[in-house]
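Here's the structure, in structure tokens; my notes come after.
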Amino acid sequence: MVLHAGHGGRGSSSFRHEPFVPRGGPDGGDGGRGGSVSLKATNQLTDLSLYKRRSRWRADPGADGAGGRKTGRNGADLVLDVPVGTLVLDSEGGLLADLAHPDATAVVARGGLGGRGNVHFKSSRRQAPDYAEPGLKGDEVTVTLDLKLIADVGLVGAPNAGKSSLLAALTAAHPKVANYPFTTLDPALGVAESAGGRFVIAEIPGLVEGASRGAGLGHRFLRHAERTRVLVYVVDGSAADPWQDLAAVSAEVERFSPELAHRPHMVAVNKLDLEATKALRKRSRRKGVHFVSALAGDGLPELRDAMVAALATAPEPAPPARPAKVKLPAAAAGLVVERMAWGFAVRGDRIENLVERTNLESEGSLERFQTELDRMGVSEALESAGVKPGDTVRVAGTEFEYQP
């Protein structure tokens with residue numbers, strides 16, 4: 001997804017023309033600031049489908065300044081709503097923002113500053129400057145939005161264990177329920193009501209052996225379990241070997257994240273309405289296992305109470321294991337002059353900013369530009385590098401012909 005912040009407005013180059021006002025002088029106003037692009041977390045959204053349909057978003061530019069020292073209006077900021085739990089990644093995969101709480105906001109692309117009007121360039125030696133600055137360009141940022149659902153309880157298990165049925169029985173959610181593997185292709189959320197309060201349950205799509213390495217759907221969705229406080233391993237009690245299924249799923253969670261595997265958890269053996277599951281309960285000697293039937297409702301109140309008890313003592317999930325890239329402002333780079341086959345390349349934050357701030361179509365602005373080059377030592381550095389009159393000099397994509 002590409003985010004374009006608004007460009008700053010141009011400064012005005014104007015002069016007072018009121019009658020009976022001698023030596024009116026310059027009165028050009030500044031351009032307005034371009035709008036920034038922000039992302040804001042909200043509970044009103046549950047997915048990122050909007051941003052699949054549209055990949056480019058642009059904030060408004062700032063308006064140009066005008067005579068009479070009138071400043072152009074600022075461009076309106078663009079605020080994009082995303083679901084709580086959204087990670088904002090840059091083009092290299094670095095973490096720009098973690099919007100883990102409602103109303104959490106991050107400014108991802110900043111609008112460009114407006115150009116200064118000619119009133120700012122009046123001096124004792126130049127009392128009628130006929131130039132102003134263009135506005136600075138706004139940021140253009142390519143980002144990836146990665147949603148990690150935030151829930152109190154996560155239901156994990158093999159395909160067809162009955163996680164969707166269990167979620168529907170415990171909450172008001174209506175996930176798709178069908179008798180074939182990988183019915184659930186997207187994580188689903190539901191809110192459960194209990195005497196201890198409300199809590200959110202997330203259904204994680206079915207895990208198979210090798211899920212932690214990307215097999216099936218597991219690696220794509222195991223990450224959603226990272227933000228759950230309690231795990232419930234859902235087992236199909238009518239399967240050929242339910243405990244082997246449980247061991248396989250537990251092993252995949254362990255391989256994916258040892259920290260996740262050691263969070264508070266419990267086991268729910270589903271399909272107690274079937275004879276095979278009833279027989280399993282009779283011969284089972286495992287402690288802490290809840291035998292339930294999502295279809296008939298057996299054991300669900302006890303399972304819900306166990307979830308509430310586990311949440312009461314469960315710690316908050318640890319921060320993501322992946323280290324986030326810390327975006328620090330770039331240090332001001334020194335002046336660099338490099339001789340190329342076609343001429344000379346000049347780099348440096350100050351000189352590049354000066355080029356962006358200069359109206360190259362104005363003779364007065366070019367005179368100021370040349371003066372600033374001399375002050376920065378650019379002309380001296382070029383001469384030391386062997387520049388000759390007529391050589392090409394390129395700064396920030398703009399070419400000049402060098403004249404001493």
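The values are calculated or read from the model by the stated rules, or taken from the named source; none is laboratory data. Everything numeric here is computed off the predicted structure, so don't read it as measured data. A quick note on method: Cβ atoms are made from the backbone with ideal geometry, for glycine too, and the neighbour counts reach across all protein chains shown.
Descriptive notes on the structure:
- Residue within segment 60-77 that is farther than 24 Å from N353 by Cβ, outside any loop (DSSP other than H, G, I, E, B) and either in the same structural domain as T142 (by TED's automatic domain parsing) or not aromatic (F, W, Y) (or both) present: yes
- Among the residues making up segment 88-110, those that are over 26 Å from K137 (Cα atoms) and either among the aliphatic types (A, V, I, L, M) or without any contact (Cβ under 8 Å) to a residue 40 or more places away in the chain (or both) are L99, A100, A104.
- Of the residues examined, D47 is not one that is part of a loop (DSSP other than H, G, I, E, B) and modelled with pLDDT of 95 or more.
- Annotation: of all residues in segment 327-370 being exposed (fewer than 11 other Cβ atoms within 10 Å of the Cβ) and at pLDDT below 85, the one that is nearest to R110 (Cα to Cα) is P329.
- Check on V249, farther than 27 Å from E316 by Cβ, aliphatic (A, V, I, L, M), at pLDDT 85 or above and touching a Phe, Trp or Tyr at 6+ places or on another chain (Cβ under 9 Å): no
- Options R125, R116, R110; residue that is under 30 Å from S365 (Cα atoms) and either outside the structural domain of H7 (by TED's automatic domain parsing) or surrounded by fewer than 17 Cβ atoms within 10 Å (Cβ to Cβ) (or both): R125
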